[in-house]
1. Please determine, by comparing only the residues of the stretch 332-358 that are assigned to a helix (DSSP H, G or I) and crowded, with 20+ Cβ neighbours inside 10 Å, which one is modelled with the lowest pLDDT.
2. Inside the stretch 425-443, can you point out the residues that are modelled with pLDDT of 85 or more and either closer than 19 Å to residue 302 by Cβ or in contact with a helix residue (DSSP H, G or I) (Cβ under 7 Å, 6 or more places away or on another chain) (or both)?
3. Could you check residue 113 against (1) in contact (Cβ under 8 Å) with a residue 24 or more places away in the chain; (2) at negative phi and say which number it fails?
4. Scan the stretch 131-160 residue by residue and report those that are touching a residue at least 24 places away in the same chain (Cβ under 8 Å) and in a loop (DSSP other than H, G, I, E, B).
5. Considering only the stretch 367-374, I want to know if a residue exists there that is surrounded by 13 or more Cβ atoms within 10 Å (Cβ to Cβ) and in a helix (DSSP H, G or I).
6. Can you pull out the residues in the stretch 456-479 that are farther than 26 Å from residue 252 by Cα and touching a strand residue (DSSP E or B) at 6+ places or on another chain (Cβ under 6 Å)?
7. When you go through 407, 459, 416, 469 one by one, which is the residue that is farther than 27 Å from residue 393 by Cβ and surrounded by 18 or more Cβ atoms within 10 Å (Cβ to Cβ)?
8. Filter the stretch 315-324 down to the residues that are assigned to a helix (DSSP H, G or I), surrounded by fewer than 21 Cβ atoms within 10 Å (Cβ to Cβ) and touching a residue at least 24 places away in the same chain (Cβ under 8 Å), then identify the one that is farthest from the chain's Cα centre (by Cα).
């Protein structure tokens, strides 16, 4: 199916973007046993559109980040400056500056050709003031940065203001224009750019970058027009994805969404739970930027089910990044069951768990959170884990297979309850009309011989309430054993 859509030409920094392009939306079969992917095949015209758009955005950010235009080609020597806040946010109270620094270094080293050559933790009372550091720290840091040979300074603040950037360039860098200054927002954006594969992910990243650039420049009207066109294009793309979810709902196939901190092992978990050998997990931050769907069957009932692999979260994730991905997360947030996967072996486990819960509470309905399963993976790496009476917490090891059977059973129990299924044992004659009806309209779990009469069998079946009432109405003489 070919759809021709006209896009008004607009210019950003003197570059004209295409007036129109041909978008090919392939027809896809809804297959439970195969992975249901988001749109991966991007036409040449779409790649050109993205390259022009991203090139324009990169040109706009050059004034602040002089070394950022050829991210993947240029080598970066990074000095990481981790702030130790005197007053922490609630999500950060269970962590330490050392653990925060380790995460910051991991973020940098996720990028190809970027390496951290030196790092430093420095205390500060306020990260929002123009002068982030006192005069004593300024002199010390200036010498450290100068002697390190770094060409990039990563200051671990959510988002730097123009005044802060100018102040840092004067006090720490001696007005050296060849050293780029990055904040956390910009680093995460660069990681997203590198890992984006589908046109939907790329458009969402472009959308997330616009508020950041608008924050740096005064031409708000220009970015307003660009944002409007990107949103229009993104809405069009997401309509294709919604077709999959419409088909799923029509077929009454339950959806289980797997959430968690970035690089916690969600893809490995789904591979273990579904036995999908096609999945290739990566030990990398933000390896998944597209929601992908993976079919499986519940163990005992053979009920078809779909698992959604979602984008990973991080502590203090910038609000605009969440907003940009919120639309594509909407299907995952309307799942029948949430699973929060936690790396039980991570030294910052508690802070990571709290961070994900906080983000989900802001995004998801309260009733979804109440029924959420919290799954602690990599339990084989932990000697002592805090005990809890919470039955919704389950310990597993994807590597060794420990706890996976119990988890599958718990998922099945919750899903069948959600679907309104009843377990009933019925006494019916073999090969009878009732026998055929049950195999066609219910989930047969178990067949056993009837002690009283060899012509009859006991069928343990799963019925949803409406089908159970319908069966009793059609066959009122069938005996219900349970």
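The values are calculated or read from the model by the stated rules, or taken from the named source; none is laboratory data. Note that this is a predicted model, so its numbers are computed, not measured. A quick note on method: Cβ atoms are made from the backbone with ideal geometry, for glycine too, and the neighbour counts reach across all protein chains shown.
1. Pass one, the stretch 332-358, residues assigned to a helix (DSSP H, G or I): 332-333, 349-358.
Then keep just the ones that are crowded, with 20+ Cβ neighbours inside 10 Å; that gives 332, 349, 351-353, 355-356.
Numbers: 332: 85, 349: 90, 351: 88, 352: 90, 353: 92, 355: 89, 356: 91.
Looking at the filtered set, the residue picked out is 332.
2. The answer is 425, 426, 428, 429, 435, 436, 437, 438, 439.
3. Against the list (1) in contact (Cβ under 8 Å) with a residue 24 or more places away in the chain; (2) at negative phi, residue 113 comes up short only on (2).
4. Those that are touching a residue at least 24 places away in the same chain (Cβ under 8 Å) and in a loop (DSSP other than H, G, I, E, B): 131, 132, 133, 149, 150, 151, 156, 157, 158, 159.
5. Residues of the stretch 367-374 that are surrounded by 13 or more Cβ atoms within 10 Å (Cβ to Cβ), as a first pass: 368-369, 371-374.
Add one more test, that the residue is in a helix (DSSP H, G or I), and what stays is 368-369.
Checking the stretch 367-374: at least one residue is surrounded by 13 or more Cβ atoms within 10 Å (Cβ to Cβ) and in a helix (DSSP H, G or I).
6. So in the stretch 456-479, the residues farther than 26 Å from residue 252 by Cα come out as 456-458, 476-479.
Within the stretch 456-479, 456, 457, 458, 478, 479 meet the criteria.
7. Values: 407 fails: farther than 27 Å from residue 393 by Cβ; 416 fails: farther than 27 Å from residue 393 by Cβ; 469 fails: surrounded by 18 or more Cβ atoms within 10 Å (Cβ to Cβ).
459 is the lone residue from the list that is farther than 27 Å from residue 393 by Cβ and surrounded by 18 or more Cβ atoms within 10 Å (Cβ to Cβ).
8. At the first step, the residues of the stretch 315-324 found to be assigned to a helix (DSSP H, G or I) are 319-324.
Subset that is surrounded by fewer than 21 Cβ atoms within 10 Å (Cβ to Cβ): 319-320, 322-323.
So of that shortlist, the ones also touching a residue at least 24 places away in the same chain (Cβ under 8 Å) come out as 320, 322-323.
Values: 320: 15, 322: 10, 323: 13 Å.
Restricting to residues being assigned to a helix (DSSP H, G or I), surrounded by fewer than 21 Cβ atoms within 10 Å (Cβ to Cβ) and touching a residue at least 24 places away in the same chain (Cβ under 8 Å), the top hit is 320.
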